[in-house]
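In what follows, a structure is listed as structure tokens, so that the remarks can point back to it.
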Amino acid sequence: METLRKLTTDAGRDPDSLQVTIIVDPRGNGPSADDLKRYRDAGAGRVVVFSQQMGTEAADGKALELVKRLAPVVERAQHV
Amino acid sequence: MNIGMLTTATAQSGDLAEVARQAEALGYDSLWIPEHPVIPIGHKTPFPASRDGQLPEHYNRWADPFIALTVAAAATKRIKLGTGICLLPERDPLLTAKVVASVDLYSGGRVILGVGAGWLKEETEVMGTRFGTRWKRMRESVEAMRVLWTQTAASYEGELVRFPAVRCEPKPVQKPYPPVLLGPTATRRSNGSRARMTAGSHWCRAPKPLPETWRRSGN
């Protein structure tokens, strides 16, 4: 994130104006509350859960199941 | 902290409208759909996200992301709708500006345009762009779309993208235009888990001209 902010500043832009979204492999139950806090403290405003395994499962009919399976991450994020 | 989900959309994925409805009901802030317009048969470029370089078969079957997001938009009220990512150098910027603005209109201003330059050389070139110029084309396309989204008579003169004054409407609902997130790849380790710090998506390799791209690409 420091590199990103430096590049933005070097380019004459306000680094605080950036929207930062990170993509995280949920690896089972998804990022913990502590993980989410670390991402937040690093400057991310959004976490998108995705993995290659998820991509394969969703492509073959399990997208709805994945949405439900990873819903606890949304609940954790409400407290972050 | 907002949580989004990126999902692939194929003919075998099931009911995407129901996926979007459930995601919204469960509190996800955004739903993201990736793009590969075509996969050239027999391509040699290794897939960067697998150890053996093999591209998963389902990449051949992805639906158009803007059509998929329109299905999601029609079934929901609040959830944001993102491309994760849109391979902008492979697209006509005039048509893409129109499509993005139209989805933004019909979704009530919920579009997030994640863009990337792509890694699959054969795909980039079969879609009509020289691989070596894809980052320049992407930057110019973003600049051109910003003009198309904000000006009544829009024209643009770049090295790779250029057009005389045109009208391009509808304009996006979001002002001045939807968020444009750039998706370079920068991988790092965090708390033992692998996270890809991006401004949009993780599909693209880290580009050498990132500073220049960053300077000019908008949000």
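Only the coordinates and a few stated rules stand behind these numbers; no lab work does. None of the values given here were measured: they were computed from a predicted structure. Cβ sites come from the backbone with ideal geometry, for glycine too, and all protein chains shown count toward neighbours.
Below are the figures for this structure:
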{"quantity": "Cα-Cα pairs of chain A separated by more than 21 Å (percent)", "calculated": "40 percent"}
{"quantity": "Where N is the number of residues in segment B:1-140, Cα Rg divided by 2.2 N^0.38 Å", "calculated": "1.07"}
{"quantity": "Net +/- balance of residues flanking B:TYR28 in space, Cβ distance below 12 Å, scoring K and R +1, D and E -1", "calculated": "+2"}
{"quantity": "Nonlocal amide H pairs with B:ILE85, under 5 Å, H built at 1.01 Å", "calculated": "B:GLU35"}
{"quantity": "Distance (nanometres) between label positions extended 7 Å along Cα→Cβ at B:GLN12 and A:GLU65", "calculated": "1.3 nm"}
{"quantity": "Other-chain or far-sequence residues with amide H under 5 Å of B:VAL111's (modelled H)", "calculated": "B:LEU81"}
{"quantity": "Per DSSP, loop trypsin sites (Lys or Arg not before Pro) in segment B:3-110 with at most 15 further Cβ within 10 Å", "calculated": "B:LYS44, B:ARG51, B:LYS77, B:ARG78"}
{"quantity": "Sites B:ALA25 and B:GLU159, calculated FRET efficiency, Cβ-Cβ separation with R0 35 Å, nearest 0.05", "calculated": "0.15"}
{"quantity": "³J(HN,Hα), Karplus 6.51/-1.76/1.60, whole Hz, each residue of segment B:107-116, x for Gly, Pro", "calculated": "9, x, x, 10, 7, 10, 9, x, 10, x"}
{"quantity": "Neighbourhood net charge (11 Å Cβ-Cβ; Lys/Arg +1, Asp/Glu -1) for B:ALA75", "calculated": "-1"}
{"quantity": "Local electrostatic count at B:LYS175 - Lys and Arg +1, Asp and Glu -1, tallied over other residues with Cβ under 13 Å", "calculated": "+1"}
{"quantity": "Along each principal axis, Cα extent of the protein assembly as shown, largest first, Å", "calculated": "51, 42, 41"}
{"quantity": "Hz values of 3J(HN,Hα) by residue in segment B:37-45 - Karplus curve (6.51, -1.76, 1.60), Gly and Pro given as x", "calculated": "x, 8, 10, x, 5, x, 4, 9, 4"}
{"quantity": "Expected-Rg normalisation [2.2 N^0.38 Å, Cα atoms] applied to segment B:13-87", "calculated": "1.28"}
{"quantity": "Computed lengthening from A:ASP16 to A:ALA33, 0.36 nm per intervening residue step minus Cα-Cα distance", "calculated": "3.8 nm"}
{"quantity": "Lysine pairs in the protein assembly as shown with Cα atoms under 17 Å, if 8 or more residues apart or on separate chains", "calculated": "8"}
{"quantity": "Inter-chain Cβ neighbour average for residues A:29-38, partner chain, 10 Å", "calculated": "2"}
{"quantity": "For B:MET1, B:MET145, order by how many other beta-carbon atoms lie within 10 Å, fewest first", "calculated": "B:MET1, B:MET145"}
{"quantity": "Modelled FRET efficiency - R0 35 Å, B:ARG167 with B:ASP52, Cβ distances, 0.05 increments", "calculated": "0.10"}
